[in-house]
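Below is one structure, written out as structure tokens, with a few remarks after it.
Where a number appears in this text, it was derived from the coordinates with a stated rule and is not lab data. If you're wondering where the values come from, they're calculated on a predicted model, not measured in any experiment. Positions of Cβ are backbone-derived with ideal geometry, glycine not excepted, and every protein chain shown enters the neighbour counts.
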Amino acid sequence: MITKDDLVAIDPLTGGRDASFSVLRRLAQIGQLERVRRGTYVMRDETGVLRVDLASLIDAVTPAPYLITAGRALAAHDLSDQHFRTAVVLVASLRRPFEWRGDRVRYVLAEPDRIWGAGEPSGPQIATPERAILDSIAHPRWGVTFSQTVEALDLALGRSPRFAASLATATKRYRNAATARRLGFLVEQLAGPDAATPFQAL
């Protein structure tokens, strides 16, 4: 992958920025590069395959803090078998959306202290199952239907007896009483009143 930052290293080899862009255009013309958006290109490997996945591409072009959430995060954790064509990404400063091989990246502005819940400290910042479920319940316009969210919640509760407690902890940090009520009710219906007890204080 080549971004504007990489051009600093390329310029001395080509003789300058104009020459670097000329090289990139020629590589694109012969099919070695595919343009993502202005200033960002993906290079094919030695077999001619584009091996960059959308999460890695988002990671390369989006400044921290950011968080990939909702449907794409649920799918990343195998909590949904749907292919969500739009990746919702929380960012602290507004970015231009872009498309990559049929998938769309939608940036949503959020306060920096609301961008939390990534599963790994490095690499693509993908929301944990707890955060992805919270965002899906709280923001249905982000592309996850209610039934898809309930299915994801049911799967997550079935995988770990501690999931309800960790979801309650995340819900407390989320600071949304309406979402807490919905989730408490759903957890009670899916896993019983004992599992829903941590939600009563919320």
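Projecting each Cα onto the charge dipole of the stretch 20-97 (Lys/Arg +1, Asp/Glu -1 at the beta carbon, about the Cα centre), which of Val36, Thr47, Thr69 comes out farthest on the positive side?
Val36
How would the stretch 30-113 be classified by its alpha-carbon gyration tensor: rounded, prolate or oblate, with rounded meaning a/c under 1.5 and the a/b versus b/c comparison settling the rest? Intermediate values should be presented prior to the final figure.
Numbers: a/c = 2.33, a/b = 1.38, b/c = 1.69.
Because a/c hits 1.5 or more and a/b fails to exceed b/c, the stretch 30-113 counts as oblate.
What relative contact order, as a whole-number percentage, does the stretch 18-62 give when Cα pairs under 8 Å and 6 or more residues apart are counted? Walk me through the numbers before you get to the answer.
Numbers: 25 pairs, mean separation 8.9, N = 45.
That works out to 20 percent.
When the dipole is taken about the Cα centre of the chain, and only Lys, Arg (+1) and Asp, Glu (-1) are charged at their Cβ, what size is it in debye, to the nearest 20? The partial results should precede the final answer.
Working: 26 positive and 22 negative charges, 136 e Å.
Around 660 debye, computed over the chain.
Please compute the Kirkwood hydrodynamic radius over the stretch 54-199, one decimal place, Å, based on all pairs of different Cα atoms. Spell out each step's value before the answer.
Numbers: mean 1/r = 0.0652 Å⁻¹.
Evaluated over the stretch 54-199, this radius sits at 15.3 Å.
Normalised by the number of residues in the chain, what is the relative contact order in percent for Cα pairs under 8 Å and 6+ residues apart? Kindly include the intermediate steps, with their values, before the conclusion.
Numbers: 279 pairs, mean separation 29.3, N = 202.
After rounding, I find 14 percent.
Per DSSP H run of at least 4 residues, take -39500 (n - 2.57); add these up for the chain, divide by its residues and hand me the 222 nm value, nearest 500 deg cm²/dmol. Before the final figure, lay out the partial values.
Working: 9 runs with 93 residues, N = 202.
That calculation yields -13500 deg cm²/dmol at 222 nm.
Treating only the Cβ of Lys, Arg, Asp and Glu as charged (+1, +1, -1, -1), what charge dipole size does the stretch 67-172 show about its Cα centre? Round to the nearest 20 debye.
So the dipole magnitude of the stretch 67-172 works out to roughly 300 debye.
Less than 13 Å Cβ to Cβ from Gly31, Lys/Arg counted +1 and Asp/Glu -1: what total charge do the surrounding residues give?
Working: positive: Arg25, Arg26, Arg35, Arg44; negative: Glu34, Asp45.
Cβ neighbours under 13 Å give a net charge of +2.
Using the alpha-carbon atoms, what tilt in degrees (0 to 90, nearest 10) does helix 163-174 show relative to the longest principal axis of the chain?
Here the helix axis deviates by roughly 70 degrees.
Going by the alpha-carbon gyration tensor, a ≥ b ≥ c the square roots of its eigenvalues, is the stretch 8-65 rounded (a/c under 1.5) or, if a/c is not under 1.5, prolate (a/b greater than b/c) versus oblate? Provide the component values of the computation, followed by the final result.
Details: a/c = 2.23, a/b = 1.24, b/c = 1.80.
Taking the square roots of the gyration eigenvalues as a ≥ b ≥ c, the stretch 8-65 is oblate.
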